[in-house]
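The structure under discussion appears below in the form of structure tokens.
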Amino acid sequence: MKYLFKDVTVLSMNEGMEIKLSCDVLVEDDIIKAIDNISHGVAEGATVIDGKGKLLMPGLINGHCHVPMTLLRNYADDLDLQTWLFEHIFPVEARLVDDDVYWGSLLGIMEMLKTGTTCFIDMYDHIDAIAKAVDASGIRAHLSRGMTNSNEGSDFSEDKGLLENIEFIKRWNGAANGRITGAFAPHAIYTCSADFIKAILNEAQKLGAPIHVHLDETRVEHEDCLKNHGKTPTKYLYDLGLFGQKTIAAHCVWITDEDIEILQENNVTMVHNPTSNLKLASGIAPVPKAIEKGVNVILGTDGASSNNNLNMFEEIHLASLIHKGVNQNPLLVSAEDSLKMATINGARALGCSNLGIIKEGAKADLILIDPDKSHILPMHNIMSALAYSVQGSDVCLTMVDGKILYENGEFKTIDMERVKYHIDKSFKRLF
Ligand code: NI
């Protein structure tokens with residue numbers, strides 16, 4: 001299949017943050033085949049998409065999510081993380097079955113596609129059901145089985161979560177034309193014993209798989225770790241050897257200057273989840289300092305239960321604002337910084353040089369934005385418009401792996417009414 005985006009403004013997200021006006025972009029199969037000066041022969045047979053007045057950019061990468069938690073949206077709000085998680089979320093999650101997770105994932109995927117996300121990095125239970133939803137919908141995802149086990153000891157060979165995570169990597173890593181990749185996910189240091197984390201690390205090393213973990217999210221986690229282990233959560237995981245594997249660490253709200261150095265030296269990606277951290281009053285991560293020190297910082301929504309949506313344009317917006325406000329410094333975290341966190345940095349976290357960027361040979365994960373709106377015009381500066389004016393609902397087309405999955409309100413691979421029917425069914429059963 002071939003598509004030709006004609007006469008479109010392109011935000012490349014390359015090194016020089018190049019913007020091309022009146023540009024043509026040819027997609028063939030899953031790849032961006034050619035940009036500009038495309039001879040008629042090469043584009044022959046392509047479906048033409050009129051890009052006049054529109055903006056083409058790489059699809060957004062949601063760096064930390066629990067996609068089936070759409071089922072718990074608007075359920076337990078205005079609570080602190082410990083109460084929210086242990087008293088409200090975990091009891092409902094214990095009642096989830098594969099079917100709930102499948103349809104909950106599709107609901108979240110619909111929302112992400114509609115608001116410009118083409119890839120998400122996820123951690124949850126019932127991971128096969130999530131993978132099936134990813135496969136069926138056409139989106140790209142990096143999935144891991146969130147694991148908890150507080151037991152000490154050396155034998156975790158019977159641990160259900162760990163067995164499922166191992167099985168998942170073997171079965172799904174690289175599936176769906178490479179759209180699905182896998183990681184191991186020790187949930188957090190307060191839900192996993194040191195021995196269990198070591199057992200997970202051992203399996204990750206055997207399979208050459210990366211790690212996805214919650215890190216230093218709250219003051220309680222930070223202070224308990226200091227009290228129990230005499231070191232910060234970052235130092236604790238570093239000493240366990242976890243960062244020897246490629247690691248994506250969500251939140252990092254309470255990290256110290258020394259922690260930032262550890263993250264940077266070990267190429268650990270830090271996921272900033274501004275909405276979730278604000279909503280659960282966890283605090284505000286030291287993102288400006290992490291960026292300054294060269295840490296790869298990416299952006300995520302976290303689950304829909306602590307957000308309460310999966311709209312990455314809101315995260316871009318917030319990330320560009322809160323650090324200016326709390327530090328009383330308008331020069332911190334520019335529009336460009338936030339856009340990088342939501343695209344090219346996400347690709348770096350996944351070890352993919354052909355994602356999060358518009359260049360010849362890159363994956364055709366693209367979004368088209370219609371800026372012909374009263375809340376965007378006039379568009380003096382494209383990056384400012386994207387960070388400060390554009391809404392997720394301004395996305396008019398979303399393409400993943402060279403296939404159009406969403407266009408002008410219509411989902412090409414997902415039956416919206418069917419999803420709503422099953423969500424209602426799950427909702428009635430669970431609550
Ligand atoms: Ni999370």
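To the nearest 10 degrees, how steeply does helix 127-137 sit against the main Cα axis of the chain, on a 0 to 90 scale?
0
Suppose each label sits 7 Å from its Cα in the direction of the beta carbon; what would the Gln264-Glu292 distance come out to in nanometres?
Simple spin-label model gives 1.0 nm for this pair.
When you count, for each residue, the other Cβ atoms within 10 Å and take the mean per peptide, how do 355-365, 137-147 rank with the highest first? The partial results should precede the final answer.
Working: 355-365: 21.7, 137-147: 26.8.
Highest mean packing first, the order is 137-147, 355-365.
Considering the options His187, Val27, Ile291, tell which one lies farthest towards the positive end of the dipole of the chain, charges being +1 on Lys and Arg and -1 on Asp and Glu at the Cβ, about the Cα centre.
Farthest towards the positive end: Val27.
Ratio of segment 243-363's C-alpha Rg to 2.2 N^0.38 Å, to two decimals? Could the numbers behind the result be given before it?
On the way: Rg = 14.0 Å, N = 121, 2.2 N^0.38 = 13.6 Å.
Normalised Cα radius of gyration, segment 243-363: 1.03.
Which length gain, in nm to one decimal place, applies between Ser157 and Met1 when the Cα-Cα distance is subtracted from 0.36 nm times their residue separation? Could the numbers behind the result be given before it?
Details: separation 156, 0.36 × 156 = 56.16 nm, distance 4.58 nm.
51.6 nm is the gain from fully extending Ser157 to Met1.
Rounded to the nearest 20 debye, what is the charge dipole size of segment 60-350 about its Cα centre when +1 sits on each Lys and Arg Cβ and -1 on each Asp and Glu Cβ? Each step should come with its number before you reach the end.
Values: 23 positive and 38 negative charges, 173 e Å.
Computed about the Cα centre, the dipole is about 840 debye.
Dividing the Cα convex hull volume of segment 140-223 by residue count, how many Å³ per residue is that? Write out the running numbers ahead of the final one.
Values: hull volume 7.2 nm³, N = 84.
Output value, Cα hull per residue: 85 Å³.
Short version: ³J(HN,Hα) in whole Hz for each residue of segment 45-55, in order, from phi by Karplus 6.51 cos²θ - 1.76 cosθ + 1.60 (θ = phi - 60°), x for Gly and Pro, what are they?
These are the phi-based 3J(HN,Hα) values: x, 6, 6, 8, 10, 6, x, 4, x, 10, 10 Hz.
Ranking request for peptides 417-430, 72-85: highest mean number of other beta-carbon atoms within 10 Å first, then the rest in descending order.
Top to bottom by mean Cβ count within 10 Å: 72-85, 417-430.
May I ask for the angle, rounded to the nearest 10°, between helix 416-430 and the longest principal axis of the chain, with both axes built from Cα atoms and the value confined to 0 to 90°?
Between helix and principal axis, roughly 20 degrees.
Hey, can you grab everything whose amide H is under 5 Å from the amide H of Phe184? Only 5+ residues off in sequence or another chain; H modelled, so Pro and N-termini drop out.
Ile211, His212
Per residue Cα convex hull volume for segment 60-350, in cubic angstrom? Walk me through the numbers on the way to the answer.
Details: hull volume 33.9 nm³, N = 291.
Convex hull volume per residue, Cα atoms: 117 Å³.
Do any GluC sites (Glu not before Pro) in segment 73-182 lie in a DSSP loop with no more than 12 other beta carbon atoms within 10 Å, and if so, which?
Working: sites: Glu87, Glu93, Glu111, Glu152, Glu158, Glu164, Glu167; in loops: Glu152, Glu158.
Answer by residue number: Glu152, Glu158.
How much length is gained on full extension from Glu44 to Ala175, taking 0.36 nm per residue of separation minus their Cα-Cα distance? Mind dumping the intermediate values first?
Values: separation 131, 0.36 × 131 = 47.16 nm, distance 3.04 nm.
Extending this stretch completely gives an extra 44.1 nm.
Before rounding to the nearest 500, sum -39500 (n - 2.57) across all DSSP H runs of length at least 4 in the chain and divide by the residue total; then give [θ] at 222 nm in deg cm²/dmol. Could the numbers behind the result be given before it?
Values: 15 runs with 147 residues, N = 431.
Value at 222 nm, helices only, nearest 500: -10000 deg cm²/dmol.
Note the angle between two axes, namely the Cα long axis of helix 194-207 and the longest principal axis of the Cα atoms of the chain, as a number of degrees from 0 to 90, rounded to the nearest 10.
Here the helix axis deviates by roughly 40 degrees.
Take the residue pairs Lys170/Lys231; Lys231/Lys340; Lys52/Lys359; Lys160/Lys227; Lys52/Lys324 and return only those whose Cα atoms are more than 25 Å apart.
Lys170/Lys231; Lys231/Lys340; Lys160/Lys227; Lys52/Lys324
Using 0.36 nm per residue of separation minus the Cα-Cα distance, give me the extension gain between Ser374 and Leu207 in nm, one decimal.
Working: separation 167, 0.36 × 167 = 60.12 nm, distance 5.13 nm.
Once the chain is fully extended between Ser374 and Leu207, it gains 55.0 nm.
Name the most mobile residue of Ala94, Ala349, Ala209, meaning the one with the largest mean-square fluctuation, in a Gaussian network model of the chain with Cα contacts below 10 Å.
Ala94
Every number here is computed from the coordinates shown, using simple stated rules; none is lab data. Predicted model, so just to flag it, every value in this text is computed and none were measured. Methodologically, a virtual Cβ is constructed for each residue, glycine included, from the backbone with ideal geometry; neighbour enumeration extends over all protein chains shown.
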